[in-house]
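Presented below is the structure to which this report refers.
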Amino acid sequence: MLSKPHQRAHGRSAIELKDLENGAVSNTFQMLTDDVPDGRDSPHDAYTTLSFQQKKNIVFLILLYLIQGVPMGLVKGSIPYFLKPHCTYSDIAIYSLAAYPYSLKVLWSPIVDTYYFPNFGRRKTWVAPCTFFLACTLLFFSYNIDVWIERGSSYIKSFTVWSFFLVFICATQDIAVDGWSLNMLDAHQLNYASTAQTVGLNTGFFLSFTVLLVLTSPEFANSLLRLSPLDEGLITLSGYIRFWALITLISVIFVLFWEEQKPDRVASMRDTFRSIRDILSLKNMKQLMVVHLFGKVGFVANETLTLLKATEFGLSKAMLSLIILINFPLGLILGVYIGHISNNRPLYVWLWGYWGRTSSILFNIALVYAVAHFSEKFSMFLSILVCYTLNASFMTVQFVSIGVFHSQISDPAIGGTYMTILNTLSNLGGTWPQYIMLKLTDWVTFSYCSTDDSLQCITDDLKNQCMDSGGHCIYKRDGYYFTSIVGIFLSIFLCIIAIFPIVRQLNKVSASSWHIHGKYSSI
């Protein structure tokens with residue numbers, strides 16, 4: 001039978017929600033800027049006291065986080081770019097729903113944290129089967145993904161369902177691995193758990209997004225590595241997924257035989273849910289919920305569609321990967337700097353990033369319009385690089401500053417649970433508008449082929465069909481420009497009537513007003 005202990009755990013909760021795209025910036029900022037408390041070893045001293053087993057544990061954690069990052073990089077990173085030639089924006093909107101489990105895992109994290117088989121291990125009860133099902137699902141993907149992508153709209157719903165299941169497995173495994181990491185190292189060495197998560201998740205995401213787009217690009221292989229051009233890249237998408245299915249399956253063996261310490265005390269699931277309820281009932285939290293849930297509505301469509309739109313006008317996957325690669329170290333450096341200047345009034349720094357992202361929409365609109373008329377690839381690359389860097393910088397400003405604010409207001413009595421709720425709200429605010437805004441883009445787009453009025457130019461396949469017939473696409477109304485302009489007005493309107501007044505008020509309240517005053521001090 002599953003064990004349901006009712007003792008309260010001491011210290012941090014095992015559930016922590018991490019943002020994949022900005023995790024490296026956040027964790028790097030924390031490691032470089034956090035002061036070492038008195039009486040605690042410095043990170044360097046902690047490293048010298050690591051035993052051989054603890055070093056093995058760190059490598060093991062990196063592996064577990066890596067096999068989470070790979071499928072997340074596929075679902076949230078590269079697959080939308082593979083789908084774009086064969087799908088409408090409405091189809092991509094449907095596919096975006098697959099990422100929801102990672103933004104909602106706080107709903108079932110207390111279950112994962114509470115129920116387990118005592119004889120097998122509190123964390124292994126969940127990590128082992130999740131890793132096995134992850135391998136099986138990836139293997140299933142490898143034999144079907146080429147058909148799903150090629151047939152685009154016809155298979156988008158089933159593709160989304162399976163991708164949703166894949167992300168759900170990753171999210172569930174992440175809950176258990178986060179908790180396991182807290183028991184593998186001593187209290188003064190937990191910074192290595194954060195480092196393992198950063199290295200693993202972001203390496204997996206990087207391999208399945210940036211590196212994958214480069215290696216599957218025929219243009220990259222033909223221009224740099226081949227004497228005779230071919231129509232395929234160095235690797236295939238299905239072959240890449242099959243390789244990681246095998247690596248994940250091998251990882252199950254390590255999980256089964258890895259030693260796990262028995263938990264001293266485990267939090268009651270009832271108390272955890274009660275603490276979540278009490279946190280969400282706070283007046284300050286209700287106001288912050290408005291900021292989190294509506295603070296990204298105006299940006300979502302433009303930031304999601306700009307690079308996808310650029311690929312329609314000739315931006316190759318290899319060029320896109322290079323742009324992302326260049327911005328990665330820049331984001332780390334900026335993140336550290338923003339962390340330093342956000343200590344006093346982080347919400348005002350976040351607000352500065354808000355207006356920066358609003359203004360960058362105008363630059364992106366101008367970019368897309370200009371790219372449509374560029375014939376020289378270097379000019380296209382340079383323009384996209386500048387605009388992407390500008391937009392990514394303001395995103396980093398917002399992410400790091402709100403992370404500082406979260407750490408300042410979190411009730412230390414319930415540790416990671418509080419941070420999980422805050423990060424869930426923040427992530428959800430960037431997830432729920434995406435479906436609506438992408439759908440809107442297709443609804444307001446009106447285009448047709450000059451040789452056939454019934455042929456709409458809504459996918460790259462249909463555009464090629466129009467060109468093959470000797471015609472060209474005529475756009476009476478492009479939904480990209482419409483939703484981007486709507487986004488600007490929404491950003492300004494929401495900031496004036498709600499976001500700025502709330503930010504100004506929350507900046508005045510004390511940190512203690514965010515606490516639930518030790519009602520669950522041992523959770």
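Worth a mention:
- Only Lys, Arg (+1) and Asp, Glu (-1) charged, at Cβ; the chain dipole about Cα centre in debye: 1360
- C-alpha long axis of helix 269-281 to longest principal axis of the chain, angle in °: 60
- Förster radius 22 Å - calculated FRET efficiency between residue 111 and residue 262 (Cβ-Cβ, nearest 0.05): 0.65
- Residues of the chain: accessible area per residue with a 1.4 Å probe, Å²: 44
- With the convex hull of its Cα atoms as the shape, the range 323-440 has an orientation-averaged projected area of 8.9 nm².
- Dipole check for the range 53-266: with +1 at the C-beta of Lys and Arg, -1 at the C-beta of Asp and Glu, and the Cα centre as origin, the magnitude is about 280 Debye.
- Compared with the dominant Cα axis of the chain, that is its longest principal axis, helix 317-341 is turned about 40°.
- Under 15 Å, Cβ to Cβ, from residue 349 - net charge with Lys/Arg +1 and Asp/Glu -1: +3
- Ranked packing of 178-184, 119-125, 245-251, 66-72, most packed first, by mean Cβ within 10 Å: 66-72, 178-184, 119-125, 245-251
- Carbon and sulfur %, accessible surface of the chain computed with the full protein complex present, 1.4 Å: 63
- Cross-linked pairs 286/508; 76/309; 76/262: Cα-Cα separations exceed 27 Å for 76/262.
- Computing Rg and the Kirkwood Rh from the Cα coordinates of the chain gives a ratio, Rg/Rh, of 0.97.
- Length released on extending from residue 154 to residue 183, taking residue separation times 0.36 nm less the Cα-Cα span: 5.8 nm
- Sorting 338-347, 480-489 by average packing, meaning the other beta carbons within 10 Å per residue, from highest down gives 480-489, 338-347.
- Pairwise centroid distance, computed over Cα atoms, of the range 316-352 with the range 148-176, Å: 29
- Highest average first, the peptides 439-449, 491-501 ordered by how many other beta carbon atoms sit within 10 Å of their residues are 439-449, 491-501.
- Residues of the range 242-257 falling in the label zone of residue 140, defined by backbone nitrogen less than 19 Å from a point 7 Å along Cα to beta-carbon, are 242-250, 252.
- Cα extents of the range 160-230 along the three principal axes, largest first (Å): 56, 33, 11
- Förster-model FRET efficiency, 30 Å R0, residue 366 and residue 341, C-beta, rounded to 0.05: 0.55
- Crossing angle, helix 237-257 versus the chain [Cα axis fit, 0-90 degrees, rounded to tens]: 10
- Cβ-derived FRET efficiency at R0 30 Å, residue 231 paired with residue 436, nearest 0.05: 0.20
- 4 °C / 1.567 mPa s Stokes-Einstein diffusion coefficient of the range 53-266, Kirkwood radius on C-alpha pairs, µm²/s: 71
- Net length gained if the chain between residue 468 and residue 389 were fully extended (0.36 nm per residue, minus Cα distance): 24.8 nm
- Potential extension, residue 247-residue 382 segment - 0.36 nm per residue separation minus Cα distance: 44.8 nm
The values are calculated or read from the model by the stated rules, or taken from the named source; none is laboratory data. None of these values were measured; they are calculated from a predicted model. Here the Cβ is made from the backbone with ideal geometry for all residues, glycine too, and neighbour counts use every protein chain on show. Side chains are part of the model used for accessible areas, which takes the heavy atoms of the whole protein and leaves out ligands, DNA and RNA. Shrake-Rupley method; radii C 1.70, N 1.55, O 1.52, S 1.80 Å.
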